[in-house]
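The numbers here are math on the coordinates, done by the rules we state, and not lab data. Everything numeric in this text was worked out from a predicted model, so none of it was measured. Every residue, glycine as well, gets a Cβ built from its backbone with ideal geometry; the counts of neighbours run over all protein chains shown.
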Amino acid sequence: MASLGNPQKTIEIIKKHEFAFQKKFGQNFLIDTHVLDKIIASSGVTKDDCVLEIGPGIGTMTQYLAENAGHVVAVEIDSKLIPILKDTLGDYDNVTVIHGDILKTDVNQITEQYNGGRPIKVVANLPYYITTPIIMGLFEGKVPIDNITVMVQKEVADRMQVGPGSKDYGALSLAVQYYAQPYIVANVPPNCFMPRPNVGSAVIRLTRHKNPPVKAEDPDLMFRLIRASFNQRRKTLQNGLNNSPEISFTKEEIVQAIESLDLGASIRGEALNLEQFADLSNYFTNLRK
Ligand code: SAM
């Protein structure tokens with residue numbers, strides 16, 4: 001039975017190993033069993049699954065995962081936590097702890113080695129300082145994934161699931177929604193962590209699309225257009241694209257592209273949905289054919 005996940009046990013482990021929390025690693029450990037149960041249930045992890053956990057900390061969620069999954073691979077950056085994980089996970093024979101930085105880890109190789117290249121599930125209470133690079137790295141690195149169930153800053157979870165018209169809408173919303181279907185599972189207050197973070201948190205599940213919801217002939221160009229549009233949020237789409245060093249089309253070509261989509265010359269990039277960004281990028285792709 002998972003023994004961690006409550007304040008007393010967490011304090012006991014920390015004292016026993018004289019562990020000091022490192023702010024720079026975004027260390028806020030979960031101490032609430034209800035939240036842990038909810039994460040596991042919403043991830044849909046079964047004994048058929050290989051799970052990647054990013055940042056196991058002292059192994060609290062890892063224990064829950066080990067009891068529900070076939071195999072768990074946990075990547076932890078802090079060397080001080082490695083002996084603690086040996087202690088707290090010693091009873092499980094289906095857990096592999098890797099000491100390393102997730103941003104420098106070859107996750108495709110992990111899926112090959114531990115799951116024969118089949119899709120894995122990712123479950124984590126993420127270090128908030130690198131939430132976006134971790135998630136984008138998994139999607140853009142073409143890692144075979146079923147779903148990603150993660151604790152993130154509440155504000156970031158909101159950004160991932162909104163559409164045009166919201167102040168939270170941006171490049172992250174579009175990127176996440178191109179690759180996956182987001183669903184906010186629960187909001188989690190600061191008192192569920194030790195130490196308490198300064199922000200509210202949320203658990204979000206990103207279910208990977210089998211096929212992207214829009215057909216962009218050149219997804220890389222579409223994402224350059226998206227970045228250019230949101231880099232200068234207050235500018236019109238036309239000026240945003242024209243001023244971007246990432247976009248090489250002439251002013252005339254940009255004006256024509258926007259006209260061809262019936263968007264109106266003064267439209268801002270933040271008014272476009274994913275389908276319209278795909279249409280815009282397909283217009284430019286065909287221009288150069
Ligand atoms: N999973 C634990 C829990 O829920 O109690 C700990 C979560 S804590 C929010 C984030 C964890 O990620 C910490 O253990 C931290 O050391 C680890 N971490 C931070 N940066 C990392 C990185 N680049 N690669 C791997 N782990 C990292």
remark   = Per its Cα gyration tensor (rounded if a/c is under 1.5, else prolate when a/b beats b/c, else oblate), region 1-148 is best filed as prolate
message = At 222 nm, what value in deg cm²/dmol follows for the chain if DSSP H runs of at least 4 each add -39500 (n - 2.57) and the sum is divided by all its residues, to the nearest 500?
response = -12000 deg cm²/dmol
remark   = Applying the gyration tensor rule to the Cα atoms of region 24-75 (axes a ≥ b ≥ c; rounded if a/c under 1.5, else prolate if a/b exceeds b/c, else oblate), the class is oblate
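Would you work out the relative contact order for region 112-176, in percent, from Cα pairs under 8 angstrom that are 6 or more residues apart? Please list the in-between numbers first.
On the way: 58 pairs, mean separation 21.4, N = 65.
Reported as a whole number, the value is 33 percent.
Order 231-237, 177-183, 60-66 from most to least packed using the mean count of other Cβ atoms within 10 Å.
Working: 231-237: 16.1, 177-183: 19.3, 60-66: 25.9.
Descending mean neighbour count gives 60-66, 177-183, 231-237.
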request  = Decide, for region 53-137, between rounded, prolate and oblate: order the square roots of the alpha carbon gyration tensor eigenvalues as a ≥ b ≥ c, take rounded if a/c falls under 1.5, and otherwise choose prolate if a/b is larger than b/c, else oblate.
outcome  = oblate
query = Just going by the charge dipole of region 141-289, with Lys and Arg at +1 and Asp and Glu at -1 on Cβ, which of Asn191, Leu172, Leu272 is farthest out on the positive end?
reply = Asn191
inquiry  = If I histogram all Cα-Cα distances within region 165-222 using bins 10 Å wide from 0, what percent of pairs lands in each bin?
reply    = 19, 37, 28, 13, 3
ask   = For region 134-185, with only Lys/Arg (+1) and Asp/Glu (-1) charged at the beta-carbon, what is the dipole magnitude about the Cα centre, in debye rounded to 20?
value = 60 debye
key: Neighbourhood charge, 12 Å Cβ-Cβ cut-off, centred on Phe284 and excluding it, Lys, Arg +1 and Asp, Glu -1   = -2
query = Taking the Cα centre of region 143-289 as the origin, how large is its charge dipole in debye, to the nearest 20, when only Lys and Arg (+1) and Asp and Glu (-1) carry charge on their Cβ atoms?
reply = 440 debye
inquiry  = Based on C-alpha coordinates, I'd like the Rg and Dmax of region 92-147, in Å.
reply    = 11.5, 32
ask   = Can you give me the pair-distance distribution of region 199-262, C-alpha pairs, 5 Å bins, whole percents?
value = 3, 15, 18, 20, 14, 11, 11, 5, 3, 0
query = Hey, any idea what Rg/Rh is for region 139-184, computing Rh the Kirkwood way over Cα pairs?
reply = 0.96
message = Students often check this: by mean Cβ neighbours within 10 Å, which of 40-50, 70-80 ranks highest, and how do the rest follow?
response = 70-80, 40-50
key: Net charge dipole size for the chain [Lys, Arg +1 and Asp, Glu -1 on Cβ; Debye, nearest 20]   = 580 debye
Separation of the Tyr92 and Thr285 label points, Cα + 7 Å toward Cβ, nm = 4.1 nm
request  = Can you grab the distance from the C-alpha centre of region 148-195 to the C-alpha centre of region 82-139, Å, no decimals?
outcome  = 21 Å
note = Taking Lys and Arg as +1 and Asp and Glu as -1, residues besides Arg233 with C-beta under 15 Å from its C-beta add up to +4
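Given Cα positions, please report Rg to Rh for region 108-213, the hydrodynamic radius being the Kirkwood one. Numbers along the way, then the final one.
Values: Rg = 14.2 Å, Rh = 14.4 Å.
Radius of gyration over Kirkwood radius for region 108-213 works out to 0.98.
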request  = State, to one decimal in nm², a quarter of the convex hull surface area for the C-alpha atoms of the chain, i.e. the direction-averaged projected area.
outcome  = 15.8 nm²
